[in-house]
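Take a look at the structure below.
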């Protein structure tokens, strides 16, 4: 199975769009950006994949959907006063990420890691 087919199956199983998957994956890779910068970065990071057809508007909508669905959150000052939970993309990081960057919720962490594991499993067959 090729990479794109694996991606399509994994995102369908997870109930997320391809744009949502790539935003979650950038958070998983500890990309400490606020929403506006994340959408621009996602376009550049995926420019070599024309089959995705993900525009900045698509990534902006994906971020909004993920935040509304409580899969992502914005880190607040109060979050950084205590250790971040184990499901945070930035758990244990020193120094901590800046306030206002996108981070996982428990739900977002679980969805992202299941989708990645599914893609890896499909690609290894």
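The values are calculated or read from the model by the stated rules, or taken from the named source; none is laboratory data. All values derive from a computational prediction rather than experimental measurement. Reconstructed Cβ throughout: ideal geometry from the backbone, glycine too, with neighbour counts over all protein chains shown.
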I'm told residue 91 meets every condition in (1) in a loop (DSSP other than H, G, I, E, B); (2) at pLDDT 95 or above except one. Can you identify the failing condition by its number? (2)
Among (1) touching a residue at least 12 places away in the same chain (Cβ under 8 Å); (2) surrounded by fewer than 21 Cβ atoms within 10 Å (Cβ to Cβ); (3) assigned to a helix (DSSP H, G or I), the one test that residue 38 misses: (2)
Does residue 6 satisfy the criteria of being surrounded by 14 or more Cβ atoms within 10 Å (Cβ to Cβ) and at pLDDT below 95? yes
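For residue 55, are the conditions met, namely being under 22 Å from residue 36 (Cα atoms) and surrounded by 14 or more Cβ atoms within 10 Å (Cβ to Cβ)? Reasoning before the result, please.
Details: under 22 Å from residue 36 (Cα atoms): yes; surrounded by 14 or more Cβ atoms within 10 Å (Cβ to Cβ): no.
The answer is no for residue 55.
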Those residues of segment 9-30 which are in a helix (DSSP H, G or I) and loosely packed, with under 15 Cβ neighbours inside 10 Å, in sequence order: 12, 13
Is one or more of the residues making up segment 49-67 within 27 Å of residue 92 (Cβ to Cβ), touching a strand residue (DSSP E or B) at 6+ places or on another chain (Cβ under 9 Å) and without any contact (Cβ under 8 Å) to a residue 40 or more places away in the chain? yes
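Looking only at segment 73-81, decide whether some residue is part of a loop (DSSP other than H, G, I, E, B) and buried (at least 18 other Cβ atoms within 10 Å of the Cβ). Before the answer, list the steps.
Going residue by residue through segment 73-81, those that are part of a loop (DSSP other than H, G, I, E, B) are 75-76.
Right, trim to buried (at least 18 other Cβ atoms within 10 Å of the Cβ) and you get 75.
So far as segment 73-81 goes, yes, one or more of its residues are part of a loop (DSSP other than H, G, I, E, B) and buried (at least 18 other Cβ atoms within 10 Å of the Cβ).
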